[in-house]
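See below for the structure under consideration.
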Amino acid sequence: MTGIVLALFGAALAVGLSGIGSAMGVGLVGQSAAGVISEDPDKFGQTLLLQALPGTQGIYGLLTGFIIMQRIGVIGGGLLPLTPEQGFSILMASLPIAIVGLLSGIYQGRAAASGIGLIAKRPEELGKAIIFAVMVETYAVLALLASIMMLFGIAV
Amino acid sequence: MPIVDMKKIFLFSHQQEKDTVINILRDIGVVELVDIKESNEWEEMKSLLVPEWSADAVSFYESLLGEVRYCLDFLQRHFPLQKNFVQQFAGAKINLTPAQYEDYISRKEEIKAVYQSCRKMDEKLTNLRNEETRCHNLLQSLAPWAGFSLPLEKVENTLRIQMQLFTVATDELPSLQKSLTEISPDHYLEVVSSDKELTYFLLISLSEEAGVVREALKESGATEISFPGIAGTAAQAISMLKEKLENIQHERAELLKKVEDLINYRPHLMAYYDFLEDERDKKEAINKLAGTKTSFMLEGWIPLPLLSSLEKVLSEKTETAFLLSRDPKAEEKAPVLLQNGGAADAFEVVTKLYSTPSRREIDPTPLMAPFFFVFFGLCLTDAGYGILLSLLAIIIFRKIKLAGMGKQLIKLLFLGGISSFIMGVLMGGWFGDLVKLKPLWFNPLDDPMRMLIVCFVLGFIQIFFGMGVRAYQDIKAGRILDAVFDQGLWFILLIGLISLAFPQFSAAGKWLAICGAIGLILTQGRSQKNIFRKFFSGLVSLYNITGYLSDVLSYSRLLALGLATGVIASAINTMGGLLAGSIVGVIIMIILLIGGHFFNLIIGTLGAYVHTSRLQYIEFFGKFFEGGGKAFQPFCKTTKYVDIEEREA
C-alpha cells in the first residue's frame, strides 16, 4: 500500500500547492482590478483577462494530479499494485509543478497586478502587460513539462 | 507592401472655408493632423503665419460635455444599462439613423432641461438618503428603550433629584449596583433592557449625592444617553420614525419614477455627447493650424493611395483649398499604417499589441502569421474545440458590430479554430477522448517525446527564419559583413550542432560547428580596438549559444499546452462517465460535459493566444524586429455611445 499512498501524496501536492499559488496570484490581481474598476467599470474585460493569467498554474497542477490518478488507476479501472519505489518516483515527478506552480503563481500574480496598474493609465498597452505576466508563466509550463515527462517515463 | 507609404500634405485655404475643410477631413478620416508649431518648417514660417487659437471654444464644449456626462452617470447609477459578457469586452453602442441623430442633437434646450432636473433630483435624492441615515441611526439607538414607559422629555433633573438614562457594560452592572447601594442607599435603578454586551437603565438619585454617584458611574464606564428633541415615549418615537422612513421610501420611489421618465432621454444624451465630442475635436484640430487674416494652412500625413481621393473631394466641395504634398524627409517620423491583404490582416492585431513597426523595417505580420496559425492550433490540438471556437467567432462577428482591432481579434480566433481543427484531426483530439477517431498522424499522449521533437523542429525553423529575415535586412541596408558574421556564422554553428544528433552527419556536423565557432571568435569582437579584447569578446559571444538553446526549449510549451487541453478534456469526460447510471445521472453528466468543455475551451484559448503571442514576441521578433513606430491615427469621427448608420453616398 505504501506505493499507492506515496503516489497519492504526489497528486495531492501537485494539485494543492499549485492551486494555492494560483489562488494567491488570482487574488492579488483581483484586488488591483477591483480598484481600477471602481474608477472605470468599462475596463472589466481587460482586467479579467489579466486576472485569469495566474490561474493556469492551478490547472497545470490539476492536470498533473489527473495524470497521476489515471496512471495508478484511481480513475478508471482498479488500483494498481505499486512498489514503494514506484510510488516514490511518482511523488518526485509531482514536485516540479507543485513547487514551481506555487511560487510562480504568486509572482505571476504580482506581475499581472502591476499590469493592471499599467492598463489603468494606458489601456492600449494591454498586450505588453500580458507579456510581462506570461514571462513568469514560462517556468510553470517548463515545470509542467518536466512533471509530465517524468510521469510518462515511470513504468507502472 | 504591408507598410503603406505616407505623404506629407500642406493644405491652404481661405479662412471662410476653414470649417468646411475641417468637416471634409473629419468625414473622410484619412489624414493625421500635425501640429504646425511642431513641424520642421515652422521656424521659416513663423514670421508669416500666426497660430490659430481655439482653446475658448474647446473649453466651452468641455463644460457642456461635463453636463451631459453628469446626466448619463446619474441615470446609469439609478437605472444601469446592462451589458452582457461579450459587450463587456467589445462595448455596446446604440444604432441610430442619420435622421435620428440629427433630430437628437438638435434638442439643445431639452437637454439643458434634462440636466437641470437631473441636478435637482440628484440633490433631493441625496437629501433623502441623509435623512434616511439619520432616522436609521436614531432608530437603532432608541430600540433598546422601547420598553421604557416614561415619555423621554420627562427624564430630566429637578432641584432635588437627578434622573438620567445610562448604558453600561453588562459585566459591570452587579459591581455598579453594589457600589451605588453603598454610597447612595436611596437611589432607584431600573434596568430597561439588556443584551450580551450592554445594559440600558434609568437611574434616579438625590441631587446632593450627585458627585459620588457620578464617580461610581464613571468608574464602571457607564455612559449617559439623552434624546434631545424627542417627545413622547421611546415606543412612540420609534413608530413615528418608522412612519417617516416609510414616507422617505415613498418619496424616493416617486422621485425615481420621475428619473425613470428621463431615461427616454438617454439616447438623446448619448447622441449629444458624441456630437459635442466631435465638435470639440474639430475645435482642437483648429488649434493645430496656422494662418493669416484671410487664409490658413494645415499640415498632415496621408497614406499615398488615398491622396488622389482627398484631392478630388477637396476640389469638388471647396473653392479655395489647395493641396501640396511631398515625400517624408529622412529625419521626419512619419506615422505607420499596416495593410495586409487576405487572412494576414487578422494577425496585425498581434503585431500591434507588441509595437507598430518603424518605417525602416519590414512589417513582420505576414512573416509571423503562418507560425502563429500553426502554434495556436498546436496549443489546443482538439478538432471539437476548433469547430466550437470558429463557430463562436462567427456568432460574435455576426451579432456585434466590431471595428479595428476587435474585428481582427475575432478573425484571429476564427482562424485559430480552423488551425486547432486541423491539428485535432492530425493528432486525434475530439473533445479530449469523447469521440474516438484514429489520428491521421500520431497521438501526442502515446508518444510525447516524438511530439516534443516536432515542437523543437518547429522552433528551429522559426528561429532560423527570424535570423534569415535579419540577414536580409542587413544586406538590404548595405551591412553585408554584419549579415555574414552575425547571422551566417551562427547558422553554420547551429546547423553543425544539430547535425551532431544524427549519426550519419555527425562528422560533417563536428567540422561545421568548429568552423562556425572559430569564425565567431574571430569576428564577434570586431568593434573592439585592442587585439586581446577582440579575441575575448569573440570568445564570450559563444555564450549566446545558451540563448539559442533556451529559445528552442521555449517551444516545448506547445506540447505542454496541447497535452493540457487534451488531458483536461479527457478528465471531464471521465468524470461525466462516472455519473452515467441513472436518468438523473445522465442529466448531470450532460450539464457537466457542456460546462466543463466550455470552461476548458475558454481557458485553453486564452492560454493558446497568450503563449503563441509570446513565442512570436520573444523568440521570433527578438531576432530581427525592433518596432517603435508611431501608429497612423487619422483625424476622424469617433463615437463613444452611438453608431450612425452610413449615409447614402
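The values are calculated or read from the model by the stated rules, or taken from the named source; none is laboratory data. All values reported here derive from a predicted model rather than from experimental measurement. Cβ coordinates were reconstructed from backbone atoms using ideal geometry, including for glycine residues, and neighbour counts include every protein chain displayed. Quick note on the areas: whole protein, heavy atoms, side chains included, nothing else; ligands and nucleic acids left out. Shrake-Rupley method; radii C 1.70, N 1.55, O 1.52, S 1.80 Å.
What the table shows:
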| read-out | value |
| --- | --- |
| Heavy-atom surface of segment B:468-622, accessible at 1.4 Å and reported per residue (Å²) | 50 Å² |
| Accessible area in square angstrom per residue, segment B:1-82, 1.4 angstrom probe | 52 Å² |
| Average beta-carbon neighbours from other chains, 10 Å sphere, peptide B:353-364 | 1 |
| Dipole of segment B:301-392 [Lys/Arg +1, Asp/Glu -1 at C-beta], most positive-end residue of B:Ala334, B:Thr381, B:Met368 | B:Ala334 |
| Percent accessible area from carbon and sulfur atoms, chain A, protein chains only, probe 1.4 Å | 71 percent |
| Residues B:Ala403 and B:Ile588, FRET efficiency given R0 of 41 Å [Cβ-Cβ distance, rounded to 0.05] | 0.45 |
| Volume per residue that the Cα convex hull of the protein assembly as shown spans, once the total is divided by residue count, Å³ | 324 Å³ |
| With every protein chain in place, segment B:156-225: carbon and sulfur % of accessible area (1.4 Å) | 50 percent |
| Spatially proximal aspartates and glutamates relative to A:Lys43 (Cα-Cα < 18 Å; intrachain offsets below 8 disregarded) | A:Glu124, A:Glu125, B:Asp73 |
| Summed residue charge, Cβ within 12 Å of B:Leu206's Cβ, Lys/Arg positive, Asp/Glu negative | -2 |
| Within chain A: Cβ-based charge dipole about Cα centre, in debye rounded to nearest 20 (Lys, Arg +1; Asp, Glu -1) | 140 debye |
| Gain upon complete extension [B:Glu208, B:Lys510; 0.36 nm per residue less C-alpha separation] | 97.5 nm |
| Gyration tensor over alpha-carbon atoms, segment B:156-225, equivalent ellipsoid semi-axes in Å | 19, 13, 10 |
| Buried on assembly, segment B:602-645 (at least 40 Å² less accessible surface than by itself, 1.4 Å probe) | B:Ile603, B:Leu606, B:Val610, B:His611, B:Arg614 |
| Rough spin-label spacing in nm, given labels placed 7 Å along Cα→Cβ, for B:Phe502 and B:Leu81 | 6.2 nm |
| At R0 = 56 Å, FRET efficiency that the Cβ-Cβ distance of B:Ala343 and B:Tyr543 yields, to 0.05 | 0.90 |
| Which of B:Phe296, B:Gly428, B:Ile395, positive extreme of dipole for chain B (C-beta unit charges) | B:Gly428 |
| Whole-number accessible area per residue in Å² for segment A:2-153, which is evaluated in the context of all protein chains at 1.4 Å | 40 Å² |
| Range of Cα positions in chain B per principal axis (Å), largest first | 116, 79, 69 |
| Accessible surface of segment B:548-649, 1.4 Å probe, proportion on carbon and sulfur as whole % | 69 percent |
| Size of the A/B contact, given as accessible area buried on both chains, probe 1.4 Å, in Å² | 2700 Å² |
| Separation between Cα centres of segment A:92-121 and segment B:430-509, rounded to whole Å | 30 Å |
| Separation of alpha-carbon centers, segment B:120-157 and segment B:545-568, rounded to whole Å | 67 Å |
| Zone residues, segment B:1-26, relative to B:Ser315, backbone N less than 16 Å from point 7 Å out along Cα-to-Cβ | B:12 |
| Cut-off 14 Å between beta-carbons: net charge of the residues surrounding A:Gly117, Lys and Arg +1, Asp and Glu -1 | +2 |
| Those residues of segment A:133-148 for which accessible area with every protein chain present is at least 50 Å² below the isolated value (1.4 Å probe) | A:Val134, A:Val141, A:Leu145 |
| Positive minus negative residues near B:Leu150 (Lys, Arg vs Asp, Glu; Cβ under 15 Å) | -2 |
| Protection proxy ranking of B:593-601, B:398-406, B:3-11 - average other beta-carbon atoms within 10 Å, highest first | B:3-11, B:593-601, B:398-406 |
| Stretch gain in nm, segment B:Asp19-B:Leu324, where the contour uses 0.36 nm per residue and the Cα spacing is subtracted | 107.9 nm |
| Candidate lysines for bridging to B:Lys288, where Cα separation is under 24 Å - those fewer than 8 sequence places away on the same chain excluded | B:Lys7, B:Lys8, B:Lys18, B:Lys37, B:Lys46, B:Lys312, B:Lys317, B:Lys329, B:Lys333, B:Lys630, B:Lys637, B:Lys640 |
| Among B:Leu601, B:Met467, B:Phe442 - extreme Cα towards positive end, dipole of segment B:344-624, charges at beta-carbon | B:Met467 |
| Equivalent ellipsoid semi-axes - Cα gyration tensor, segment B:344-624, angstrom | 44, 24, 13 |
| Computed magnitude of the charge dipole of chain B (debye, nearest 20; Cβ of K, R +1, Cβ of D, E -1) | 2700 debye |
| Efficiency of FRET from Cβ geometry, B:Asp171 and B:Gln116, R₀ 35 Å, rounded to 0.05 | 0.05 |
